[in-house]
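The values are calculated or read from the model by the stated rules, or taken from the named source; none is laboratory data. These numbers were taken from a predicted model, which means no experiment stands behind them. As a convention, Cβ positions derive from the backbone with ideal geometry for all residues, glycine included, and neighbour counts pool all protein chains shown.
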Amino acid sequence: MTGTFDRHFFHWIGVVGVTVLCLWLQGDWKWLSEYPGDWVVPVSDWLNAIMDWIVKYSGWFFLGVSWVLEWPIDAVRVVLNALPWSVTTFVVCVVAYAASGWKLSLFAFLSMLYMVVIGYWFESMNTLSLVAISVPMAIVIGFSFGVWGFFSKRAERVIMPMLDLFQTVPTFAYLLPILMLFGFGTVVGLIASVMYSFPPMVRNTIVGLRGVSPEVIESGLMSGATQRQLFWQVRVPSSMRQILLGVNQATMASLSMVIIASIIGGTEDIGWEVLTQIRKAQFGESLLAGLVIALMAMVIDRITAGLATRSDNYETGEKTFIQRYRLWIIAAIGSIVFGLIAQIAAPLNDWPRAWEIDPSDAMNSSLTYLIVNFRPQIEAIKTFAFFFVMLPAKIGLQQAVSPFTWGFALTTTHKIIYAAAILGMVTFLSLRGSQKAGISVLISGIVIYFGLAGMPWPALVLIGAVAGLKIGGPMLAAGTAAGLMFIVMTGTWSEAILSIYLCGIAVVLSFVAGSAIGIWAAHNETVSRVVRPFNDTLQTMPLFVLLIPFVMIFKIGEFTALLAIIAYAIVPAIRYGEHGLRSLPDTVIEAATMIGATRSQMLWQVKIPLALPVMMLGLNQTIMYGIAMLVIAALVGTNGLEQIVYIGLSDGDFGVGIVAGIGMAIIAIIADRMTNAWSRKRQQELGLSPS
């Protein structure tokens, strides 16, 4: 009711009071702003001691495993590089045709031809050899854990938190323990790829097996099926679509990690080629190599997704052996034919170097022309973003506003006007019954004025814990407080704040812009058709590739990292925004139309409030994507936890890297739990899900 204040409002007023008190006292009590070094718990030293002990007494075992795993990798690499490119291309095209028809087959042909003509066939096959080994391993491990979790609730309670950790720990952090245990080489990329890619397979296996209808199970039991037959001949075939979607996600995750693992070297693959060219600041060469990765990812994604879609197409009737396996036969015969022809026509076996196309010089010249002629505009964009967006969020208006940055100094009058404006908005919203919005404005106003880096850590921990309590209950509050205190007590709080500041700005901009595009696409079929391939391309493109244009135009720095994060994180905001509006019940829209709602009222008072729970799931994914890209952005000069992980990897400091990696995982898990809890709570309030 308007003007009525509930107890939650006064709880938040108490939190604000504590925050203001901490801000007032931090000038005298330095520990409020900077956690004392003497109080830091030496977790990194303990982890290093444990790792040293494991390497000392078990290193021989891991090196043995590494030696064994090298064999299949080398075997596949030798086969792929020995085969004529025409044979490999033909097989890929047949598989693409089986998955999704002639259009995908043509796209696969052009993609493979690009790898050949541009001169990156050898490096591409080296990358594919790792994917060819890691994906089957990830599928087998993921399917096994998924089946175990399906049949055992106790196992599921252990597996799910493990998956959360695997999927939120920064990618570079995966490489640290593997590098120290298994030594330098391609096996590091293989094992990291398996560890990173099997969680989606586990989740999809559990979801698929649980999604089998009771009627199907009952039919199997009535037919006299044993438990083994019921599982393999009823449950698995009925859930095959979801399981194949898990294969799709595992494959894409595997390719992504193989590319990231190339940062440590050890193999002449396409990821290493991209990284080498980026380090040389060669725009044309890095983009050409990056397009190889992007095309490879898109072909693999379309093929696996197509196979998952076609898994529901059951063909009835008697078929001969040739009819049933016609594509396999075509692939085998075609491979033999192309192999024989390649022995006669050398270009079909090994593409001549003289025939390769290298447009990198022209691309570099175009970039130079762009930078030289549009340097003032580029610098203006960077300056505006840094002085008016990034700096205030980082150090606050009290330090960001100066004659050098904003053109004037922050006086007492300005401070009074700012405080009055914030308090005025809070009062207005609170009296109109929007106490939550009022509190959000008040806390945001404090943070913007003092900056995230200027906020006392006890105040931020308290805000996080209370937010967890109000959104998800005592368990979420306790988990949030414990996670944030781990970051504080391990001495990585200041770096965590820098990560949150950069990722937070990117997430807000991505979510606002992405939701706006999604709303537009939901009301305009033309926009939807244009946006869909744009989303597909960005979502399948490996993270390294997204860095290339931004690095070359804006050079290294936090602004470049910000743009790269936005480019990657905007996709889920668009997808969920459009999906949320398109999936609203028709009865609700009809009822609003019948009472005379205008288009504006329909959008802001009906559609968006009802679609908000789904859009919040988009926010959840936007945060996850942002954190994933933030880790890769460490390569272009950020200063947060992601940079500590990268330094730990570069220096071989297991403890430092893992502690920072766990810190990033904690931030991601807290954000995930809060957004999911809010979405469920909102759905229950709207009656869109069972309470």
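Going through (1) of a type in the set (A, V, I, L, M); (2) over 31 Å from the mean Cα position of the chain (by Cα); (3) surrounded by fewer than 17 Cβ atoms within 10 Å (Cβ to Cβ); (4) modelled with pLDDT under 90 one by one, residue 21 falls short only on (4).
In the range 1-60, how many residues are charged (D, E, K, R), part of a loop (DSSP other than H, G, I, E, B) and within 30 Å of residue 654 (Cβ to Cβ)?
Result for the range 1-60: 1.
Tell me yes or no: at least one residue of the range 94-106 is buried (at least 22 other Cβ atoms within 10 Å of the Cβ), closer than 25 Å to residue 342 by Cβ, over 28 Å from the mean Cα position of the chain (by Cα) and not polar (S, T, N, Q). The answer is no, given that none of the residues of the range 94-106 is buried (at least 22 other Cβ atoms within 10 Å of the Cβ), closer than 25 Å to residue 342 by Cβ, over 28 Å from the mean Cα position of the chain (by Cα) and not polar (S, T, N, Q).
Taken together, 275, 287, 244, 295 contain a single residue that is at pLDDT 85 or above, assigned to a helix (DSSP H, G or I) and of a type in the set (A, V, I, L, M), which is 295.
Within the set 202, 194, 188, the sole residue that is at pLDDT below 85 and either outside the structural domain of residue 661 (by TED's automatic domain parsing) or of a type in the set (Gly, Ala, Ser) (or both) turns out to be 188. Test each condition in (1) closer than 16 Å to residue 22 by Cβ; (2) surrounded by fewer than 18 Cβ atoms within 10 Å (Cβ to Cβ); (3) of a type outside the set (A, V, I, L, M) for residue 384 and report the one that comes out false. For residue 384, the exception is condition (1). Scanning the range 237-260 for any residue that is charged (D, E, K, R), under 25 Å from residue 130 (Cα atoms) and assigned by TED's automatic domain parsing to the domain that holds residue 143 turns up nothing.
Residues of the range 518-530 that are surrounded by fewer than 20 Cβ atoms within 10 Å (Cβ to Cβ) and assigned to a helix (DSSP H, G or I): 520, 523, 525, 526, 527, 528, 529, 530. Among the residues of the range 184-241, those that are within 26 Å of residue 255 (Cα to Cα), in a helix (DSSP H, G or I) and of a type outside the set (A, V, I, L, M, F, W, C) comprise 186, 189, 193, 196, 197, 199, 200, 203, 204, 205, 208, 241.
Applying the set (1) out of contact with any Leu (no Cβ under 7 Å at 6 or more places or on another chain); (2) in a helix (DSSP H, G or I); (3) in contact (Cβ under 8 Å) with a residue 40 or more places away in the chain; (4) surrounded by 11 or more Cβ atoms within 10 Å (Cβ to Cβ) to residue 342 leaves exactly one unmet item: (1). Screening the range 614-645 for residues that are polar (S, T, N, Q) and under 21 Å from residue 278 (Cα atoms) and picking the one that is surrounded by the fewest Cβ atoms within 10 Å (Cβ to Cβ) gives 639. Against the list (1) more than 27 Å from the chain's Cα centre (by Cα); (2) within 24 Å of residue 503 (Cα to Cα); (3) surrounded by 15 or more Cβ atoms within 10 Å (Cβ to Cβ), the condition residue 425 fails is (2).
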